[in-house]
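Working notes, beginning with the structure itself.
The values are calculated or read from the model by the stated rules, or taken from the named source; none is laboratory data. On a predicted model such as this, the values are computed, not experimentally measured, just so you know. No Cβ is skipped: glycine too gets one built from the backbone with ideal geometry, and neighbour counts run over all protein chains shown.
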Amino acid sequence: MRIRPHIEIDSNKGLLIGGLPAVKLAEKYGTPLYVYSEDAIRESMREYTSALTDIYPHHTIVYAGKAYLTMRMAEIVHEEGLWLDVSSGGELFLALKANFPPEHIVFHGNNKSAGEIAMAVSSGVGRIAIDNVTELERVQKEAASQGVVQKVFLRLTPGIDPHTHEYLSTGVIDSKFGIPMHSGQHLDAVRLTLASPNLKLMGIHCHIGSQIFDDSPFLLAADIMVDFAAEVRDKLGYVIPELDLGGGLGVRYKDAGPDDGNGIRKHLRNAAKRVAEACFRKGLPTPRLFFEPGRSIVASSAVTLYTVGTVKALPNGILIAAVDGGMSDNPRPALYGAEYEAVLARPSGGGELLSYRLVGKHCEEGDTLVRSACLPELSPGDVIGILVSGAYQYSMKSNYNHLPNPAVVHVAERQSFVVVERETLEDLVAKERPFSHPLGKAGPEAASGG
Ligand SMILES: Cc1ncc(COP(=O)(O)O)c(C=O)c1O
């Protein structure tokens, strides 16, 4: 039975990821383990890249690397003809190391350092999305000192509440991101950009938030942005050639039917039509349209595998199964109350289902991966797969409690291969310098002078 694209449950082999048994992958690579189906990733990318070819060909899909970025992923993004959004010097560095074409990179971030700006300009990134006026001046200065003209977007905050988790709402007026579209600040920013000899204003950008299912906030954003483009034309005589509507399309973490589409095509077409209509109304040429999806490209392409260590029955009847990872490899449940679905990796044999609280191994009561997972009776050693774990998990991992980070494995054409090695205990202490105290060896003897 297909439960997600390229993820199935087979009555004889159990959970299959890209056609390979999850139990075998766990045996081969150990757990916890992030497993991605490249076919699933490519399929959702192709849905994005093909959705508008007939109605709005002048568009570009930019994959938001913050959702999941490895060098292999950067290669796939390029092979599939998408651009890449990076939001730190680290993400930029990785992309360049993976030979991603810099001219297809959009560089984001609400507090880019001087070093990051210099690196972005010198590497020739395609667009810098400028978050605020201070940054605008810094980018102008850096581009002037390097003797280049840098193409930029202005990130604007349209003041829309997309009704998602408050930590995921980035377009509301009190957001830390972007230039508020209030009290003329945004028009001043455009004026300043146009007056900056080393900046070329390519477009305006907004990203209203993430995990949004309803199209109406996106459509409202499209209207607001086009209205502003018309205001810029009327007041400053400049026709902004590009419009970036960000990412944010929601993904079903639980209870998705086997044939539920992810709504990519419909979402993109609705947004593009709305932009075209609004431009027609305002007498503007349609801009080159950018979208920046992250989650909806990668979330459902991955399963995280864990091994059950202990199973407990509490006095109140709650069953607890503890696995060998937790909030260090997936902070989303603790951070946003994110909910997931868990499946058993081995063939279940069709027995009775029980409700388990799946917890991690960290020293936090909040370290719960799934509050109520419906699973056959579990025993220590069983491998569990958490579905839809491809976005904002690997990228938000930590080493809390000094747990080494899991390996990342990709599956393509029924073959599996490591794209990031599992961290070792030695990796965890590699940057420690315990013998560097200026007074020599620290410790009670040194301290007492004895
Ligand atoms: C500027 C920008 N673009 C795109 C994205 C991707 O959003 P999502 O993963 O929800 O599609 C984000 C996410 O935070 C973002 O900040």
- Message: So for segment 283-306 (the condition being among the hydrophobic types (A, V, I, L, M, F, W, C) and out of contact with any strand residue (DSSP E or B) (no Cβ under 9 Å at 6 or more places or on another chain)), does at least one residue qualify?
- Response: yes
Filtering segment 19-41 down to residues that are more than 21 Å from Gly325 (Cβ to Cβ) and buried (at least 19 other Cβ atoms within 10 Å of the Cβ) yields Glu38, Ala40, Ile41
- Consider Glu79 carefully, then state whether it is away from the ligand (no atom under 14 Å from the Cβ) and within 17 Å of Thr49 (Cβ to Cβ). yes
Among helices (runs of 4 or more DSSP H) entirely inside segment 5-118, those with 3 or more residues being of a type in the set (D, E, K, R) and touching a Ser or Thr at 6+ places or on another chain (Cβ under 9 Å) are 38-50
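Rundown of residues vs (1) among the aliphatic types (A, V, I, L, M); (2) surrounded by 17 or more Cβ atoms within 10 Å (Cβ to Cβ); (3) more than 25 Å from Lys28 (Cα to Cα), yes/no style:
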site	(1), (2), (3)
Gly349	no, no, no
Glu352	no, no, yes
Gly360	no, yes, no
Cys363	no, no, yes
Leu369	yes, yes, no
Ile384	yes, yes, no
Gly390	no, yes, no
Gln393	no, yes, no
Asn399	no, no, no
Going through (1) in a loop (DSSP other than H, G, I, E, B); (2) more than 23 Å from Glu91 (Cβ to Cβ); (3) within 16 Å of the ligand (Cβ to nearest atom) one by one, Leu289 fails only at (1)
- Would you be able to say whether some residue in segment 137-155 is away from the ligand (no atom under 15 Å from the Cβ) and modelled with pLDDT under 95? no
When every residue in segment 295-325 that is buried (at least 24 other Cβ atoms within 10 Å of the Cβ) and more than 20 Å from the chain's Cα centre (by Cα) is compared, the one farthest from Ile386 (Cα to Cα) is Ala321
Conditions (1) over 19 Å from the mean Cα position of the chain (by Cα); (2) more than 16 Å from Gly247 (Cα to Cα) -> His59 fails only (2)
Filter segment 382-441 for residues that are of a type in the set (Phe, Trp, Tyr) and in contact with a His (Cβ under 8 Å, 6 or more places away or on another chain); the one that is farthest from the ligand (Cβ to nearest atom) is Phe417
| request: Test His437 against the stated conditions and say whether it is touching a residue at least 40 places away in the same chain (Cβ under 8 Å) and either on the phi < 0 side of the Ramachandran plot or out of contact with any Asp or Glu (no Cβ under 8 Å at 6 or more places or on another chain) (or both). | output: no
Tell me whether segment 176-198 contains one or more residues that are more than 16 Å from the ligand (Cβ to nearest atom), aliphatic (A, V, I, L, M), under 17 Å from Leu245 (Cα atoms) and at pLDDT 95 or above.
no
Within segment 191-219, restricting to residues that are part of a helix (DSSP H, G or I) and in contact with an Asp or Glu (Cβ under 9 Å, 6 or more places away or on another chain), the one that is nearest to Ala129 (Cα to Cα) is Leu192
- prompt: Within segment 293-302, is there a residue that is in a strand (DSSP E or B), closer than 30 Å to Val359 by Cβ and not charged (D, E, K, R)?
  reply: yes
Given the criteria more than 13 Å from the ligand (Cβ to nearest atom) and surrounded by 23 or more Cβ atoms within 10 Å (Cβ to Cβ), does Leu52 qualify?
no
Ile224 meets each of (1) of a type outside the set (Gly, Ala, Ser); (2) out of contact with any Pro (no Cβ under 6 Å at 6 or more places or on another chain); (3) more than 16 Å from the ligand (Cβ to nearest atom) with one exception, condition (2)
Considering every residue within segment 234-242, establish whether at least one is more than 16 Å from the ligand (Cβ to nearest atom), surrounded by 17 or more Cβ atoms within 10 Å (Cβ to Cβ) and of a type in the set (A, V, I, L, M). yes
Note on Ser328: of the conditions (1) surrounded by fewer than 17 Cβ atoms within 10 Å (Cβ to Cβ); (2) under 23 Å from Arg422 (Cα atoms); (3) of a type in the set (Ser, Thr, Tyr), unmet is (1)
In segment 350-393, anything aromatic (Phe, Trp, Tyr) and over 26 Å from the mean Cα position of the chain (by Cα) is listed as Tyr356
Quiz item: Right, Val121: surrounded by fewer than 20 Cβ atoms within 10 Å (Cβ to Cβ) and closer than 21 Å to Pro197 by Cα or not?
Solution: no
